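Everything below concerns the one structure shown next.
What follows draws every value from the coordinates through simple rules; no lab data is involved. Remember, it's a predicted structure, so these values are computed and weren't measured experimentally. Positions of Cβ are generated from backbone atoms using ideal geometry, with glycine treated the same way; all protein chains shown enter the neighbour counts.
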């Protein structure tokens, strides 16, 4: 099940990150905590996927990184959603909704 | 300039990445501690969660495509490897490129230095070469007495000067004896060309006579090479063929003697025979003239022909017969100096340019059709198409794939350039010894040609690359 979860996560991680960052500037550690919490421990994002994803999204101009003081007083890199990132998130959400609707429809119809 | 900033900030980016990951790790540790774990255990667990720090860093770096130099280096290395795998293709491509590049550069360098570079004289368009062409004797020169007659043709020429490139002189007294290329001119030669010495003066009329004290002018190259740029050279005596000559001037660096740019020392011609005579030895000279404003070379030639008829009427009968059929020739100086080579050079240039074109087409073609062709789609678009399709299917961005193909082409072109320019350099040196006014290495030409050729080579790679990108990844994968 762990294997399948991580495969599933891979395809949706970008969208999840964008969605969480959309709530306000946030650093990498908090993102991984947030994903874990909100999914009620269903997803645990390994750092080996999280940071490459963050940097890839930053490189594409969807996220903007900025160093500032964290809640513990230490400097941390906070990510914020850019306008381009917001548009990307919208596209991905629409796509996701259509996909899950389609999957749900098949599951229901095939019953 | 996104990537430029990144190169300079690479070190900083590396530091930031480290700090970012470390922050994560430490927050994890303190959260575990807060949950009641002993600090040692918390640290161990956090590290365990994290996995290999270095491998995460590497993956994160790779997630950024931006590092231009890094990518270039990888692609170039990849390009070399791919070429190494196809020695046949590589050899053919590099050889054709080298041939095309070498030929084009050499010939273009010759053409530009011989044909495009202006003559280093004042208002060179007004300068003409004057000669009498005798078809039977195959001679195109001027008899010294005739030269004096032409000086009177004020309707056609502002002035006429005579010159003779010719003898070598032994220079002694400055270390080992050396042989210098010498030329001889009438005193007004430099006035006709409009050339002023950079130091000293040119000849005076009274110095252009036989039996007076010897005077000499040095070219800039001669002055630098044999007299170590001596600033006090004017007025010094030098020994040429064991006779003493007084140096009266040094010519400017851009000056080139007519017909033979390698001439280093110039002495007065000292013509004496103003009248024709069969008892004295008559000298044959060459003549250069400055046209009067508004006179065409053709009109001037008619003037000279008319004058010749008068002069030859006074010749001894035996000579008059010899002059029969002789026609005046008044040619723009440029045409005289490089004109004979001009059509040949242009034809050659066209020939080597087409070799280059063929070379580029070949490369485009080879890129396209390299490897064993497979079924339909692949067969049409070639192995490159399959490779591109696979990369695209694996998630590469079109921009990256395009760049990969271009960088491979660049590697090819650069290798071809190295061979080609080496050949070109040798070829221009050779041509420089055969043709007038050709400089062995004209840096501007070499740089210009290099840039132009790189552009052509890139275009030759671009076209097959664009075509290959159109392959549907699914189709390509099915045949791979």
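Cβ crowding within 10 Å, taken as a proxy for footprinting-reagent exposure, orders B:96, A:109 from fewest neighbours to most as A:109, B:96. For the peptides A:24-34, B:163-173, B:291-301, the ranking by packing is A:24-34, B:163-173, B:291-301, with the highest mean count of neighbouring Cβ atoms within 10 Å listed first. Calculated FRET efficiency, residue B:306 to residue B:176, Cβ-Cβ distance, R0 = 45 Å: about 0.25 to the nearest 0.05. You can think of it this way: the chain between residue B:228 and residue B:299 has 20.9 nm of extra reach, that is 0.36 nm per residue less the Cα-Cα gap. Measure nothing but the geometry: give the 0 to 90° angle between the long axis through the Cα atoms of A:47-59 and the longest principal axis through the Cα atoms of chain A, rounded to 10°. Long axis of A:47-59 versus the principal axis of chain A: about 80 degrees. Residues of the range B:10-32 with an amide N closer than 20 Å to a point placed 7 Å from the Cα of residue A:72 along the Cα-to-Cβ direction: B:15-32. Subtracting the Cα-Cα distance of residue B:45 and residue B:86 from their residue separation scaled by 0.36 nm leaves 9.7 nm.
With a/c under 1.5 counting as rounded, go ahead and sort the range B:113-153 into rounded, prolate or oblate using the C-alpha gyration tensor (a ≥ b ≥ c being the square roots of the eigenvalues; past the cut-off, prolate if a/b is larger than b/c, else oblate). Verdict is oblate for the range B:113-153. Taking the Cβ-Cβ separation of residue B:313 and residue B:241 as r and a Förster radius of 51 Å, what is the calculated FRET efficiency to the nearest 0.05? Given R0 = 51 Å and the Cβ-Cβ separation, E is 0.80. Within 10 Å of the Cβ of each residue in B:47-53, the mean number of Cβ atoms contributed by other protein chains is 2.
Full extension of the segment from residue B:26 to residue B:262, taken as 0.36 nm per residue of separation minus the current Cα-Cα distance, would add 77.1 nm.
Quick check on the range B:161-216: take the gyration tensor over C-alpha atoms, sort the square-rooted eigenvalues as a ≥ b ≥ c, and tell me if it's rounded (a/c under 1.5), prolate or oblate.
Numbers: a/c = 1.75, a/b = 1.65, b/c = 1.06.
The shape class here is prolate.
Pairs of Cα atoms nearer than 8 Å and 6+ residues apart set the relative contact order; for the range B:175-317 it is 31 percent. Rounded, prolate or oblate: pick one for the range B:197-345, where a ≥ b ≥ c are the square roots of the eigenvalues of its C-alpha gyration tensor, a/c under 1.5 means rounded, and failing that, prolate if a/b is larger than b/c, else oblate. Taking the square roots of the gyration eigenvalues as a ≥ b ≥ c, the range B:197-345 is oblate. Shown is the FRET efficiency for residue A:91 and residue B:35, computed with R0 = 35 Å from the Cβ-Cβ distance and rounded to the nearest 0.05: 0.35.
For a quick check: sort A:62, A:67 by the number of other beta carbons within 10 angstrom, fewest at the front. Numbers along the way, then the final one.
Working: A:62 22, A:67 13.
Ordered by Cβ neighbours within 10 Å, fewest first: A:67, A:62.
Remark on the range B:256-311: hydrodynamic radius 14.6 angstrom, per the Kirkwood mean of 1/r across alpha carbon pairs. Within 10 Å of the Cβ of each residue in B:173-180, the mean number of Cβ atoms contributed by other protein chains is 0.
Take peptide A:45-54, look around each residue's Cβ out to 10 angstrom, count Cβ atoms belonging to other protein chains, and average those counts. Provide the component values of the computation, followed by the final result.
Values: counts 0, 4, 12, 10, 2, 3, 10, 9, 3, 3.
Per-residue shielding by partner chains comes out at 6.
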